[in-house]
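To start, the structure itself, in structure tokens.
The values are calculated or read from the model by the stated rules, or taken from the named source; none is laboratory data. Here the structure is a predicted model, which is why all the values come from computation and not from measurement. For neighbour counting, all protein chains shown are included, and Cβ atoms are generated from backbone atoms with ideal geometry for every residue, glycine included. Heads up: the accessible areas ignore ligands, DNA and RNA and are worked out on the full protein's heavy atoms, side chains in. Shrake-Rupley method; radii C 1.70, N 1.55, O 1.52, S 1.80 Å.
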Amino acid sequence: MNAAFTTVAFAEGGMSAAFVQLAPLLIIFGIFYFLLIAPARRRQKALQAMIQNLKKGDRVLTTGGVYGQVAAVKEGEILLKIADNVRVRVARSAIAGLEGQEEATSK
């Protein structure tokens, strides 16, 4: 009976030792999640909402660095007016933000 008791005590101690070894990894993952992953997800959701709510007349910046004014909005693309009588079709995913938005976030 004495040998069985020590085996159970050793197994219980092994479980707590494993948890103690994993605790720092879990804490580091939690810190990374709240400092890196969660804010990036919030920014991505805000960008998607902005892209879905684009309307004619909005001034936008594309990921290629082209400024333009939305001339028409279609299901998967946007027609941008970048100069007089110059219109360019771009994918919705190519929109980086509204024109005045990058100045507001830098302040």
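Residue 25 accessible area, nearest 10 Å², 1.4 Å probe?
Solvent-accessible area, nearest 10 Å²: 110 Å².
Would you please give the residues with an amide H less than 5 Å from that of residue 77, counting only those at least 5 places away or on a separate chain, with H modeled from the backbone geometry?
Correct list: 92.
Compute, for residue 42, the solvent-accessible surface of its heavy atoms (probe 1.4 Å) with the complete set of protein chains present, and express it in square angstrom to the nearest 10.
Approximately 150 Å² for this residue.
With θ set to phi - 60°, apply the Karplus curve 6.51 cos²θ - 1.76 cosθ + 1.60 along region 28-39 and write out the HN-Hα couplings as whole Hz, x wherever there is a Gly or Pro.
5, 4, x, 5, 4, 4, 6, 8, 10, 6, 4, x
First measure r as the distance between the Cβ atoms of residue 45 and residue 16, then evaluate 1/(1 + (r/R0)^6) with R0 = 35 Å and state the FRET efficiency to the nearest 0.05. Write out the running numbers ahead of the final one.
Numbers: r = 40 Å, r/R0 = 1.13.
Computed FRET efficiency for residue 45 and residue 16 comes out at 0.30.
Within region 34-93, what whole-number % of the accessible surface is contributed by carbon and sulfur, with the 1.4 Å probe and all protein chains included in the calculation?
Details: 2310 of 4320 Å².
Carbon plus sulfur share of accessible area: 53 percent.
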